[in-house]
Structure formats: structure tokens, C-alpha cells
Amino acid sequence: MKKIDEYEYPNKKHFIKSALGYNRGEVDLFLRQLAENPLPSEQIKNKSFSSSAMGYDKQDVKFYLQELAAYRYNIEHADEQESKRLESLAKVDLAHPNFKVAFRGYNTTEIDEFLRQIHTPEEIYEAHFTKRFQGYNTYQVDFYLDAWIQKLKGNL
């Protein structure tokens, strides 16, 4: 939760100080303004500050602003991203799972048995599989199961 709080309340973020860093007053003012009036992610990422003695460490501030911009971008575009994810899931052929065998992946017998049974979305979501050498590609299996969950929920 600490990370989320840092992004939801940017004015509470504390930075490392350095001999020559960003002007602390400018950075603090910008973060207070962000807390009151969120800006688009591009404006956050491209913000610049003047340098001053005993300021905030430049790398620390830049890294935080990039993370904050990514967090805000995800919030701003959540519906669009979910729509694209559902479009991708809709393309999965649920009738014919075709998983590649990876160097390390899910136990093939376990997955095959699981798929032969009927499950609720909750059962699929909570399922855990053993990993082993020469198993089904975990990303493909997880994506396939996510498609099943969405189909059972009526989203596909």
C-alpha cells in the first residue's frame, strides 16, 4: 500500500538530498499542485526543475516522476487497456488449447486434467499448478484460463 499512497498523495513523498540536486521548493510546490490538481502523465514525465545546492537527488526525483506518470497513465487509460485485453482474450480458441512446451512450465498432466473438468470462474482464478521442467508455457496457460474466466462471466 505504501507505493500506492506515494502516487495518490505525491505531496507526502520524501526524496534523498544531494549536494547539487533539484530545487527543493520547486519540487515540493509541484508535488503539492499534483496532489490538488492531477496533471496528465506526459506533463508529469516532462517536468523540469532548476538545480540548487542541497537539493533533492535528481535521479530520485526523475525516477519517482516516471513511476508516477506511469501510474497516472494506467489510471487514465484503464478502460482502453481493458478493452484491448478483452479483444485479445476473445481471439483465444477455447475449444482447442494449444500450449507450447517450455523448458520450465506447468505440469502438463495437471493442466490437461484440470481442463477436462468444469469449473467456476473462482475455481479457475484460485487454481495453482505445479511447475516442472518441460511443462506447458505458463504465460499461454494463464492467458487461456483468463479467457475462460471472462467467457464464463459473459464478457466474451
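The values are calculated or read from the model by the stated rules, or taken from the named source; none is laboratory data. Values in this document were obtained by computation on a predicted structure and should not be read as measured data. Cβ sites come from the backbone with ideal geometry, for glycine too, and all protein chains shown count toward neighbours.
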For this session: Give me the pairs, please: first residue somewhere in the range 38-61 and closer than 10 Å to Arg72 by Cα, second residue anywhere and assigned to a helix (DSSP H, G or I) and of a type in the set (Lys, Arg), beta-carbon distance under 7 Å, and either six or more positions apart or on two chains.
Result: Pro38/Arg72; Ser41/Arg72; Ile44/Arg72
Problem set entry | Hits in the range 9-41 (condition: loosely packed, with under 13 Cβ neighbours inside 10 Å and modelled with pLDDT under 90) | Tyr9, Lys12, His14, Glu36, Asn37, Pro40
For this session: Test Leu65 against the criterion of being assigned to a helix (DSSP H, G or I), modelled with pLDDT of 90 or more and under 30 Å from Ile149 (Cα atoms), and give yes or no.
Result: no
Seminar exercise, completed: Of (1) more than 19 Å from Lys13 (Cα to Cα); (2) in contact with a Lys or Arg (Cβ under 8 Å, 6 or more places away or on another chain), Ala53 satisfies every one except (2)
Seminar exercise, completed: Among (1) outside any loop (DSSP other than H, G, I, E, B); (2) over 21 Å from the mean Cα position of the chain (by Cα); (3) within 30 Å of Phe129 (Cα to Cα); (4) not β-branched (Val, Ile, Thr), His96 falls short only on (1)
Exercise. Does any residue in the range 78-103 that is modelled with pLDDT under 90 come within less than 6 Å, Cβ to Cβ, of a residue that is of a type in the set (A, V, I, L, M) and loosely packed, with under 11 Cβ neighbours inside 10 Å six or more places away or on a different chain, and which pairs are these?
Worked result: none
